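Written out below as structure tokens is the structure these notes cover.
The values are calculated or read from the model by the stated rules, or taken from the named source; none is laboratory data. Source: prediction; values computed, not measured. Cβ placement follows ideal geometry from the backbone for every residue including glycine, while neighbour counts extend to all protein chains displayed.
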Amino acid sequence: MTAAVLGAQTGGDKHGAAWADFDNDGDQDLAQLTGAIQGLGEEPKRLFVNDAGTLADRARSLGVDNLPGRTRMPLWVDLDGDGKLDLFQGAEARHDAMTPPFFFASQGGSFADMTAWLPLLSRGAPFCVLTSLNDDPHPEIVCRLMGEGTPSQVFDTRTRPAQTLDLLPKTAFEDVAVGDFDNDGRIDLFLARKNPGGPVSLASGGRNVLTAQAELLPKHAGKPLAFRFRAQGPVRFTLAGQHGGDLGAADVRIGGAATAPAGLDITLAPESATGMPKPGADPMRPSVLIGSPEAGVWQVEFHIRAEAFGGKKKPRNLSVRVQADAGLDKVESVGEAAADETAPQRLFMNRDGKLVEEGENRGVNARPVAAANAVAVDFDNDMDLDLFVLGTNDAGKTENLLLLNDGKGRFTPVRQAGGAAGGLYGVGDSVTTADADGDGCPDLLTASGASMGRSLGLPSDNGRYQVFRNLCATGNHWLMIDLEGTRSNRDGIGARVVVEAGGVKQTRLRDGGVHERGQNHARLHFGLGKHAKADRITVYWPSGQVQNLGSTGSNQVIRLKEPD
């Protein structure tokens, strides 16, 4: 299927992608972002235009190929309200002084650089999401910023350039889930968060497997990073640098005798590694030392000298995976303590256009998690939005978290995430939601091949996709809605839809499904509980039109077209 649709257009340093009908012709097109060759080069971004089911890249002719952009995640939004979707290309800062464009406005059948319409406070903004914090037809945009200073920026798009709103504190985050969590008609924000790993990040892959990732900085020169654990019987060590040539077998030493292994995949018996070796003599190379300083205890040390950095600040990342059939326990860092990567999640409730943090009181931190990604959807069709959080450390995947809403915006964690706790493979990357089997119950797709920054290489090399089917045994009813704009953009991005049933009003924003590193199915989903029909549906279109629909039966997908 990939070859039939894309042909040979599948190479390159791929990052985020997002579907939308940007040309208003009734089929979905695809923006695919790419990097910039280690942050210093050039690579074309892609805009695949859908032509009868075949995707042809026309980014260059349409003006969005943005060669120097170190781009990450796109966002489709009609910023000027002309009924045509514009394109934001989220990006990290380049490693030189160049700042490529971020924002391209649809004008005259192509796109023009209108980055001035969205004046970012940073050279790095890897992603933005669409939200609606007041009752006007102009959406707000929340962006994650990188670098020193403000970690986020909220834009009011009523004017061009958009105005910055002072709504969020200086709180770092990994992802944003947008939704009305207490059914008061106002859109709230959930910020998924994790703390950065310490110099040595440790991740358990189960009773028998451990992954350690060491980030060696110039300040660690002459000061080893290390971890230790207990194990009985043979232990297998798989070692890797982040890039070719970063680590070789000659850089590894075993036991007090400083034996050099034949390769980087080593199985050792305890008696073959007694004692701890000294680092190698070459000041330009790192050293990894493996030994058993006492019976039943193993220790791994990472050493580096200042000369190895060549006067640069770029970290050297080394990783090791440890496997022991008899099991591993008492895992700990040595010297500089391993950081607790779990972080308080933030739930900002919308109080008349002001965002008030109420996470602790609403239960989102009842079970600590290091969160990489999140989605908000009504998994049990009980008329409120639940939360699913993808858990991970820098060195490896952790258990996912499912938080069920009680209908008033208070959350309770579900044991083993209701069956979607996930395997401890790779490093957590993204979660997306869609009703994959058409039963009215949203399902989940998770990915754990995150390979950015220190997670690149061995920590993520056994990542995989997992699909979790929602068994949805509640018997509750549901309704799903597709939108078709006429005066507004064809996808209806920016529209708010309110569904009322049994006296409960649920509000959803047609945001295109985009969040960090993923795009949920853009179709709007509403649980209806035990109600066999929706009493009323109201659509607030981006054009300013308001459309009303009366009693509508449940358990179906309907399409609402904006009145001409």
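Key figures
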item: Answer residue from the range 480-501, given it is assigned to a loop (DSSP other than H, G, I, E, B) and among the charged types (D, E, K, R) and is nearest to GLY440 (Cα to Cα) among those; result: ASP491
item: VAL300 over 18 Å from VAL209 (Cα atoms), of a type in the set (A, V, I, L, M) and buried (at least 17 other Cβ atoms within 10 Å of the Cβ); result: no
item: Meets criteria (within 22 Å of GLY198 (Cα to Cα) and in contact (Cβ under 8 Å) with a residue 24 or more places away in the chain) for ASP461; result: yes
item: Residues that are within 16 Å of ALA250 (Cα to Cα) and either surrounded by 12 or more Cβ atoms within 10 Å (Cβ to Cβ) or under 37 Å from the mean Cα position of the chain (by Cα) (or both), drawn from the range 267-290; result: PRO277, PRO279, GLY280, ASP282, PRO283, MET284, ARG285, PRO286, SER287, VAL288, LEU289, ILE290
item: Odd one out for PRO196, checked against (1) more than 27 Å from MET383 (Cα to Cα); (2) modelled with pLDDT of 95 or more; result: (2)
item: Leading residue by the ranking (nearest to the chain's Cα centre (by Cα)) among those in the range 473-495 that are hydrophobic (A, V, I, L, M, F, W, C) and closer than 18 Å to ASP23 by Cβ; result: ILE493
item: Count of the range 377-395 residues which are closer than 13 Å to LYS194 by Cβ and not polar (S, T, N, Q); result: 5
item: Test result for THR164, touching a residue at least 40 places away in the same chain (Cβ under 8 Å), out of contact with any helix residue (DSSP H, G or I) (no Cβ under 6 Å at 6 or more places or on another chain) and not in a strand (DSSP E or B); result: no
item: Count of the range 535-564 residues which are in a loop (DSSP other than H, G, I, E, B), farther than 27 Å from ARG144 by Cβ and touching a residue at least 40 places away in the same chain (Cβ under 8 Å); result: 9
item: Some residue of the range 512-534 being assigned to a loop (DSSP other than H, G, I, E, B), surrounded by 17 or more Cβ atoms within 10 Å (Cβ to Cβ) and out of contact with any strand residue (DSSP E or B) (no Cβ under 8 Å at 6 or more places or on another chain); result: no
item: Qualifying position, being among the hydroxyl-bearing types (Ser, Thr, Tyr) and either touching a residue at least 60 places away in the same chain (Cβ under 8 Å) or touching a Cys at 6+ places or on another chain (Cβ under 6 Å) (or both), among SER319, SER292, SER287; result: SER319
item: Of all residues making up the range 303-339, the number that are of a type in the set (Lys, Arg) and over 27 Å from the mean Cα position of the chain (by Cα); result: 3
item: Strands (runs of 3 or more DSSP E) (entirely within the range 331-430) containing at least 1 residues that are of a type in the set (Phe, Trp, Tyr); result: 346-351, 386-391, 411-413
item: Test set (1) out of contact with any Ser or Thr (no Cβ under 9 Å at 6 or more places or on another chain); (2) under 20 Å from HIS477 (Cα atoms) - LEU456 fails condition number; result: (2)
item: Residues satisfying the stated conditions in the range 433-443, i.e. surrounded by 21 or more Cβ atoms within 10 Å (Cβ to Cβ) and either in contact (Cβ under 8 Å) with a residue 60 or more places away in the chain or not in a strand (DSSP E or B) (or both); result: THR433, GLY440, CYS441, PRO442
item: Boolean, GLU332 is without any contact (Cβ under 8 Å) to a residue 40 or more places away in the chain, surrounded by fewer than 18 Cβ atoms within 10 Å (Cβ to Cβ) and of a type outside the set (Phe, Trp, Tyr); result: no
item: Lone unmet requirement of (1) under 19 Å from ILE141 (Cβ atoms); (2) over 23 Å from the mean Cα position of the chain (by Cα); (3) acidic (Asp, Glu) for GLU92; result: (2)
item: Condition check for LEU471: at pLDDT 95 or above, assigned to a strand (DSSP E or B) and aliphatic (A, V, I, L, M); result: no
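Results for (1) surrounded by fewer than 18 Cβ atoms within 10 Å (Cβ to Cβ); (2) more than 20 Å from GLY63 (Cα to Cα); (3) β-branched (Val, Ile, Thr), shown as yes or no for each residue.
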| site | (1), (2), (3) |
| --- | --- |
| PHE88 | no, no, no |
| ALA91 | no, no, no |
| ALA97 | yes, yes, no |
| PHE103 | no, no, no |
| GLY108 | yes, no, no |
| LEU120 | no, yes, no |
| ARG123 | no, yes, no |
